[in-house]
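First comes the structure, then the notes that go with it.
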Amino acid sequence: MNLAEGVKYIDKMAFQGCTGLTSLHIPSTVTLIGEDDSPFYACSSLTDINVLSSNTVYTDIDGVLCDKTMKQLIFYPEGKTALAYTVSNVVNAIGNDAFKKCLNLITVSIPETVSNIGDYAFLNCITLQAVTFPSGMTNVGKSAFQGCTGMKTLTIKAGATTIGESSFAGCTGLTSVVIPKSVSNIGIKAFSGCNKLTSVSIQKGVSNISNYAFENCTGLKCVTIPDSVSEIGTLAFQKCSNLKFAFFFGASPSTTTDLFSARLQPSKSITDLLQKDLLLRHGKGIRHPRQVWQILLRMCISIVWVQE
């Protein structure tokens, strides 16, 4: 499809669901393309977006839409059949929805120049198997890799500071993850539903584990939380039905209620067994041992503080 000269805007959702669209030619006059709710989402046959060289706002790299400076990758057509893609080393940001539901990609190589991955950038890329973040990465957006069920390997290098809400939720192929010390916040539902995740290493430097961060990680058996963590959100580990040990180093972090609630069904929550926040607000030791044993018996979990 060739858009006529004079067209200035391509609004959000403009071509969504046009399954017969195979290519799109953008004239020099287009100055705004809606980036949230991508205009080209669900165009399953679209393989190329070509931008006239005289356009002052946009360009393309081999049919992949970028801004004119090529520093932001805006949209990768989901009809492309390549199994692997290497992001240009000029790019420093991957936009919202950029690779959303690209069902052919197995690997994506992200260069050291990229510092930001936008919201929903790789949502439901179910064939994507491995992702390595560059050391310059600082932000992983909301639901950036949610539903990437084929992802088996995730490498987050030191440098990342934020893992956004639901960033890796539903990545059912993941078996282990290391959260580097540079990350300050693990977002709400960041790893929710990663049911094959058996090992989580949270390095010293992480300060916040948000609500529901690891809920429904039914394969998780042990978690170690460093003394740098100052806050753990509500139900951060709820329904982790195989979680046996939780190790806290240093003083216990503050938390809202029901950290491990509803691990097993039916079972009483920690707040039914203990006074509100009792276990997690006394870093010098665990009080009321009878109630602690109730937890061990009912919920098969040991909560241990290791004083350094």
Pairs needed: first member in segment 190-202, under 21 Å from residue 141 (Cβ atoms); second member anywhere, acidic (Asp, Glu); C-beta distance under 9 Å; at least 6 residues apart or different chains.
190/165; 191/215; 192/215; 193/215
Keeping to segment 33-65, report how many residues are outside any loop (DSSP other than H, G, I, E, B) and over 16 Å from residue 100 (Cβ atoms).
7
Of the numbered conditions (1) more than 13 Å from the chain's Cα centre (by Cα); (2) part of a loop (DSSP other than H, G, I, E, B); (3) closer than 23 Å to residue 194 by Cβ, residue 124 satisfies every one except a single condition; which is it?
(1)
Restricting to segment 118-134, name every residue that is touching a Lys or Arg at 6+ places or on another chain (Cβ under 6 Å) and more than 17 Å from residue 77 (Cβ to Cβ).
119, 129, 133
Only one residue in 23, 28, 38 is surrounded by 15 or more Cβ atoms within 10 Å (Cβ to Cβ), at pLDDT below 95 and of a type in the set (Ser, Thr, Tyr), so which one is that?
38
Within segment 77-95, identify whether any single residue is in a strand (DSSP E or B) and over 26 Å from residue 138 (Cα atoms), and answer yes or no.
no
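Quick grid of which residues meet (1) touching a strand residue (DSSP E or B) at 6+ places or on another chain (Cβ under 8 Å); (2) at pLDDT 95 or above; (3) among the acidic types (Asp, Glu):
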{"position": "167", "(1), (2), (3)": "yes, yes, no"}
{"position": "180", "(1), (2), (3)": "yes, no, no"}
{"position": "187", "(1), (2), (3)": "yes, yes, no"}
{"position": "192", "(1), (2), (3)": "no, yes, no"}
{"position": "197", "(1), (2), (3)": "yes, no, no"}
{"position": "201", "(1), (2), (3)": "yes, no, no"}
{"position": "206", "(1), (2), (3)": "yes, no, no"}
{"position": "226", "(1), (2), (3)": "yes, no, no"}
{"position": "229", "(1), (2), (3)": "yes, no, no"}
With the condition kept exactly as written, say whether any residue in segment 55-76 is among the charged types (D, E, K, R), buried (at least 16 other Cβ atoms within 10 Å of the Cβ) and within 22 Å of residue 131 (Cβ to Cβ).
no
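The values are calculated or read from the model by the stated rules, or taken from the named source; none is laboratory data. Values in this document were obtained by computation on a predicted structure and should not be read as measured data. FYI the Cβ positions are ideal-geometry reconstructions off the backbone, even for glycines, and counts take in every protein chain you see.
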